[in-house]
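Asks: Take a look at the following structure, please.
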Amino acid sequence: MLESEDPYGLRKRLEYAVSIIKAHRPGSVLEIGCGTGAYLLVPLSGLFPQTHFVGIDSDQASIDFAQARFGKDNLHFELAGTAIPLGVHDLVIASEVLEHVDRPVQILRLAREAVA
């Protein structure tokens, strides 16, 4: 995990996600708006190898980078809009996302539909 906090609260965000995953032990976690996954999904996938992590993002370059650099058995990345399995995830994360999208209600609906 991050040794110290940064101006974006990355350490606090990661620690919060860790606490939720420890408490609930989800089998599958979806992050909507994951970017490259470097700050949340990659460390989480290392800490919880028994959990399957999926990251989706609308930025092709971020997904390409993530797929090339960070793909693991329990972690993969998809471009938003592709066929993401819905109704199968135990936990959905949308950290720092809603304030950046034109249709936040649509993102919330996707999150709800993604949950098992």
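The values are calculated or read from the model by the stated rules, or taken from the named source; none is laboratory data. Keep in mind it's a predicted model, so treat the numbers as computed, not measured. Here Cβ is always computed from backbone atoms with ideal geometry, including for glycine, and neighbour counts include all displayed protein chains. To get the accessible areas, we keep the full protein, side chains included, count just its heavy atoms, and leave off ligands, DNA and RNA. Shrake-Rupley method; radii C 1.70, N 1.55, O 1.52, S 1.80 Å.
Asks: Filter the range 63-79 for residues that are closer than 16 Å to VAL29 by Cβ and surrounded by 15 or more Cβ atoms within 10 Å (Cβ to Cβ) and give the result.
Replies: Within the range 63-79, ALA66, PHE70, ASN74, LEU75, HIS76, PHE77, GLU78 qualify.
Asks: Of the residues that make up the range 90-97, is at least one open to solvent by less than 50 Å² (accessible area, probe 1.4 Å) and more than 13 Å from the chain's Cα centre (by Cα)? Quick ask: steps written out before the conclusion?
Replies: Step one: of the range 90-97, the residues open to solvent by less than 50 Å² (accessible area, probe 1.4 Å) are 91-95, 97.
Now restrict to residues that are more than 13 Å from the chain's Cα centre (by Cα): none.
Within the range 90-97, not a single residue is open to solvent by less than 50 Å² (accessible area, probe 1.4 Å) and more than 13 Å from the chain's Cα centre (by Cα).
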